Structure formats: C-alpha cells, structure tokens
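Written below as structure tokens is the structure these notes are about.
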Amino acid sequence: MKILVCVSKTPDTTSKIAFTDGNTKFDEAGVQWIINPYDEWYSLVRAIELKESNPAATIHLVTVGNADAEPIIRKALALGGDEAIRVNTDNSDAYYIAAQIAEVAKQGGYDIIFTGKETIDYNGSSIGGMIAELVDAPYISLATKFDLNGNTATVVREIEGGEETAEVALPVVVSCQKGMAEQRIPNMRGIMAARTKPLKVVEPAAIDALTSIASFELPPAKAGVKLVAPDNVAELVRLLHEEAKAI
Amino acid sequence: MSVLIFIDQSEGIVKKSSLEALTYGADLAKQLGTTAEGIVLGTVSDDLAALGKYGVQKIHQVNNAALNTVDAQLYASVISQAATASSASVVVFSHNQTGKAVAARVAAKLKAGLVAGACALPETNNGFSVKKTVFSGKAFAHVNVLSPIKVISLNPNSYKTVATEGTAVVEALAVTVAEPKVKVTAVNKITGEVPLTEADIVVSGGRGLKGPEHWGILLDLAKELGAATACSRPVGDAHWRPHHEHVGQTGVQVAPNLYIAIGISGAIQHLAGVNRSKVIVVINKDPEAPFFKAADYGIVGDAFEVVPQLTAAIQKMKAGA
C-alpha cells in the first residue's frame, strides 16, 4: 500500500501577521516556519499509524515550494515517512499547487492521499478536492477518523451539526482534521534517520495559475473594550441590546 | 451567461448558509447584468419556488435519491453539468462543509479560478477581484481571478440575507447521475443543540470554569439566548466538553453575531477561530487576560457570580420587551 501525504510550510500559529511592498507580500521578518498543523498532527501522524499496523506500507511526502521548505520537510521525515518529493516552485494559487501534486500522484500510483483540512495561512480548504478531481478519485473532506479494512476505508467526517460515517473503496483522497490522530514529537532516532532519507526535487509541470493575490489588508483595529462592573450586568444586557443590537 | 448558485440542503431543508449564498449570487448577477440561477440536488421538502425572494430567477433541480448524501465526486460532476447548461460565468457556493468538499472539485473540473472563503462581492470594474479571509481571519487578501469561469465560496455569516418579493421558476435538469462511490452508513447529528457554525450567538467556556461539573451556568445562558455552546482547546483536550465544540485555529472557526467567552484567557490560537465574530463579550476574573484586547465588551469578575446574573438579566429584558 502506498500513501502520499501533502505537506505545506506555514507561519507559526503565534506569528505576527504583517505585510510589505505596499501590502502585496507577507512580511516574513522574524517568522518561524512550521509544518501546517493539519498536515502534521492529523494527516501525517495517521499515515504513520497506518504504516505501524501494516509495515509493508510506504509513505511518501510531497511539498510544493522552493528550497526554503526543506527544513520542514526534513522535520516531517523525522516524524515518519520513507521519502519526500519537493516540487521546486513558489506559487500560492490552489489549482497550480494541486495540479503539481496530481502530477506526482499520477506517477506514484497511491492508494491513499492525505491532506490537512486547510492551511493556516490561505485557509482555502481546496487542495484535497482539486487533487481528487484531477486524479479522478473519490474525496472525503474534513475527516475525523480513517480506518482500513482491506481495500475499503471507513471514515467519519464532519457535517453541519454533527458527523457521518461513510465507506469508500481505495484509492481515495482525504482531508484530515482533529480527531484523526494525536500530535507526536520527533525523537532523536527519527531526526538522525531523516537526514539520510531521500528528498527528491522535481521541476514543476507547465500549468497556468488561475488566481493571483493582488494585495493584502489588515482588519481595522478594535475600538477598545468597554468594561462593565461585575455587579451591573443589566448594563451589559442594555449595551448588547441597544448599542450592539446583538441580542 | 449566468451566475449559478449551489443550494445546499440537509434532510430536505435548505441551509441558512445557502440563503446567504443565494443573496450574494443574486447581487453579483445584478452587478454583472446577468441572471441568477440556482442548482439543488436530491429530494427537497422546502418550497423551492419561494427562494425567488432571495433574487434567484430560475432553479434547476436534480431530484435523484443518489444525491441525498454528499459524494463530492458525483456532486461536482452534476454541478459542472448544470454550470455548462446554464452558461455560468460564476459558480457560487457557501464555504460550509459541503462547499469545502465540492467547490474545489468543480473549480478543477471547469478549470475555473477559485476564491475559497470570500467575504465580499467581487470588484468587477477592472478585472475580477474578490476579498477573502486569510491567516485564519487575521487578515484579508484581494484575489484576482484570471480564468473565464470563476468559482467563489462564501464564508458563512459574512453576507446578509435579504428577502424581498419574487418566485423562481423550478425546472428539472436532465443530467447524468453516476452511482455514488461514497456510501454513508450512519449519520450522527447532535440533536437539540444549535449547530456551532450556523449559530447567531455562541457561548464559550474555558479553563476558568474549573471543571465539566460547572458547565450548567453556561448551558443556562446559552439556552436563554438560543445560542450554540463552544469551548477552548484545553477544555476539549481534557474531555470536559466534546471535541466538536473546540473553537480556535485548529478547531472550528466561527463567525457569529455575538461571541461570549467565559473564563477563556484568549490565546492567539483561540482568537484565530473567533475573530470574525461581529461582537465579542469577555467575562474573566483576570483583568490582564489578552482576550479583553480583542473584545467589544467585558466584565472583570468571577464567572460563577456574573454568568447566572447575566442569564437572569436577559430573562428580565425579554420579559419586559
């Protein structure tokens, strides 16, 4: 069985969000880069668990990014995974990225493709669905559980106001979120092993991006909190009703 | 030419987030000087013609039981066929659970640029540019769509539903519907509660409540307000509350009209899940809690005293109103 785990580089969750060059570029000064948490904690760790119960399985990691993405893909390899592929290009259009991963996926013949439910920078929740369409496979989004029984996967996914259980035959593309697995920390053995695991760099396929970011904007600052005395909650109710019109 | 809006339904009832998408799509059609058309899949008990009051002129329906549950592959195939049949230049979804499963597939199928998580109508004077939330609500991006066909998924609770007069023409759409590959075997809806992502008001608790046995005061307040309940990550991780209530960067992201945070300090990861809320109220006994900086209204005080008083005061206001 072959599993492909899609990994993206994102700013750390505590990063200060600011922009440069006339608000056209994300300000990377002082930013710590991490593996997108959904890719790491849920999809990669679930893939590792599947390999632990089926040692014949292989896990490949794929990232679309320039050489700056190599430290995070080494960290992903330290957690687990047999080898990594980096598609050497820098682009933020979801279709462009998904099409690059779909090219890798078609050549690899994978049974399962895992993505995170979204990246914490662009929040598109789009890559998994696009890959699935481009490789013509079923897609389970927002999965909280994934179990295998032979060639059939049983999954639990989020729906409005609850969850549903579904069955689907492999190959399948799955976007993963909380519930799939528990966060792990790479150990020293993993970190040492990751240094020598293959990291293949491939050049991008010729694909036209369908969107581009023109500019960024920060939300207006809050006017400041209006404090109400704890013994005067009636005043809070009045403010919420008359001023904020929220109740 | 048309703007095609996907109308999402659950158990035959059209979702609130789809009414927002319908209003948005109808306003966009007016802006582009074209017609607004809807597409609805599966068996629906709601009166579809009445959706005309949101500005949609025609609704295509594919009433096939195979579409009563979501198989993203099948949905994308049918919606793409509808887009072609109605010569759609823009396809609009809600960025809800179904939209997240389907919009990207439709975009890839139609080779259409996708703006996922839009929060305003496109600028169409010079090109086609859509504002969307990025960095988990901490910023916005203006995204240029370069392809002839565009797909937009609209953040829930970010566009006001407007109902006027009007009736839509409902027509059955003849399309190929394949056998679904994803078979839903069980549905587990949390009954008797307001779905978190659809809620107008959310009441949320953190570690300040000290233990799951103290949640009663929060549940009473939520009940009085008709609110959904939520919690911070440590509370979910400690299993004081179910995981699906965890709001934050790695949990559920919400954008209600009113978010009331009780005993939550307001770590940056929590704020990322709630900062699109219109009004934020923070109740915390620590005046230094970072959440106060992101709040509109606050009470520095003991939740165990303040919250029951707040519930009583709301009851009193409602009785007087």
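The values are calculated or read from the model by the stated rules, or taken from the named source; none is laboratory data. Fair warning: this is a prediction, and the values are worked out from it, not measured in the lab. Backbone-built Cβ (ideal geometry, glycine too); neighbour counts: all protein chains shown. Areas reflect the complete protein model, heavy atoms only, side chains present, ligands, DNA and RNA absent. Shrake-Rupley method; radii C 1.70, N 1.55, O 1.52, S 1.80 Å.
Observations on the structure shown:
- Being surrounded by 19 or more Cβ atoms within 10 Å (Cβ to Cβ), more than 7 Å from chain A (Cβ to nearest Cβ) and modelled with pLDDT of 95 or more is a property that holds for B:LYS132.
- Taking the range B:9-25 as the range and being part of a helix (DSSP H, G or I) and within 21 Å of B:VAL62 (Cβ to Cβ) as the test, the residues that pass are B:SER17, B:SER18, B:LEU19, B:ALA21, B:LEU22, B:GLY25.
- Taking helices (runs of 4 or more DSSP H) as the structural unit, those lying wholly within the range B:209-316 and holding at least 2 residues that are at pLDDT 95 or above and surrounded by fewer than 19 Cβ atoms within 10 Å (Cβ to Cβ) correspond to B:216-225.
- On inspection, A:ILE112 does not qualify as closer than 21 Å to A:THR63 by Cα and either open to solvent by 10 Å² or more (accessible area, probe 1.4 Å) or within 8 Å of chain B (Cβ to nearest Cβ) (or both).
- Whichever residue in the range B:80-112 is touching a Lys or Arg at 6+ places or on another chain (Cβ under 6 Å) and not in a loop (DSSP other than H, G, I, E, B) and, among such residues, is farthest from B:GLN57 (Cα to Cα): B:SER80
- Residue match in the range B:65-72 (condition: more than 14 Å from chain A (Cβ to nearest Cβ) and under 15 Å from B:LEU28 (Cα atoms)): no
- Test result for A:GLU242, of a type outside the set (Val, Ile, Thr) and either more than 8 Å from every other protein chain (Cβ to nearest Cβ) or within 19 Å of A:ILE48 (Cβ to Cβ) (or both): yes
- A:PRO186 meets all of the listed conditions (1) closer than 30 Å to B:SER129 by Cα; (2) more than 10 Å from chain B (Cβ to nearest Cβ); (3) of a type outside the set (Phe, Trp, Tyr) but one, namely (1).
- Scanning the range A:147-184 for residues that are within 22 Å of B:HIS246 (Cα to Cα) and either touching a residue at least 24 places away in the same chain (Cβ under 8 Å) or among the aliphatic types (A, V, I, L, M) (or both) yields a count of 14.
- In the range B:48-61 there is at least one residue that is over 23 Å from B:LYS150 (Cα atoms), over 22 Å from the mean Cα position of the chain (by Cα) and more than 14 Å from chain A (Cβ to nearest Cβ).
- Test: residue in the range A:1-23 that is surrounded by fewer than 19 Cβ atoms within 10 Å (Cβ to Cβ), modelled with pLDDT of 95 or more, more than 14 Å from chain B (Cβ to nearest Cβ) and in contact with a Ser or Thr (Cβ under 7 Å, 6 or more places away or on another chain): yes
- Yes/no for A:ASN123 being assigned to a loop (DSSP other than H, G, I, E, B), of a type outside the set (A, V, I, L, M, F, W, C) and either touching an Asp or Glu at 6+ places or on another chain (Cβ under 8 Å) or at negative phi (or both): no
- In this structure, A:GLY129 does satisfy being in contact with a Lys or Arg (Cβ under 6 Å, 6 or more places away or on another chain) and within 11 Å of chain B (Cβ to nearest Cβ).
- Neighbours by Cβ (under 7 Å, 6+ apart or cross-chain): first from the range B:173-200, in contact (Cβ under 8 Å) with a residue 12 or more places away in the chain; second polar (S, T, N, Q) and part of a loop (DSSP other than H, G, I, E, B): B:VAL177/B:ASN64; B:VAL184/B:THR69; B:THR197/B:ASN96; B:ASP200/B:ASN257
- Restricting the range B:165-208 to residues that are within 11 Å of chain A (Cβ to nearest Cβ), surrounded by 14 or more Cβ atoms within 10 Å (Cβ to Cβ) and farther than 30 Å from A:THR152 by Cβ, the residue that is farthest from the chain's Cα centre (by Cα) is B:GLU193.
- Hits in the range A:134-178 - residues which are of a type in the set (D, E, K, R) and more than 7 Å from chain B (Cβ to nearest Cβ): A:ASP136, A:LYS145, A:ASP147, A:ARG157
- Close contacts from the range B:305-321, counting a first residue that is over 21 Å from B:HIS214 (Cα atoms) and a second that is crowded, with 19+ Cβ neighbours inside 10 Å and of a type outside the set (S, T, N, Q), with Cβ to Cβ under 7 Å and a gap of 6+ residues or different chains, come to B:MET317/A:VAL237.
- The C-beta contact set for the range B:12-23 (first residue outside the structural domain of B:ALA103 (by TED's automatic domain parsing), second residue modelled with pLDDT of 95 or more, distance under 6 angstrom, 6+ apart or interchain) is empty.
- Criterion violated by A:VAL228 - all others in (1) of a type in the set (A, V, I, L, M); (2) facing chain B (nearest Cβ under 7 Å); (3) within 30 Å of A:LYS117 (Cα to Cα) satisfied: (3)
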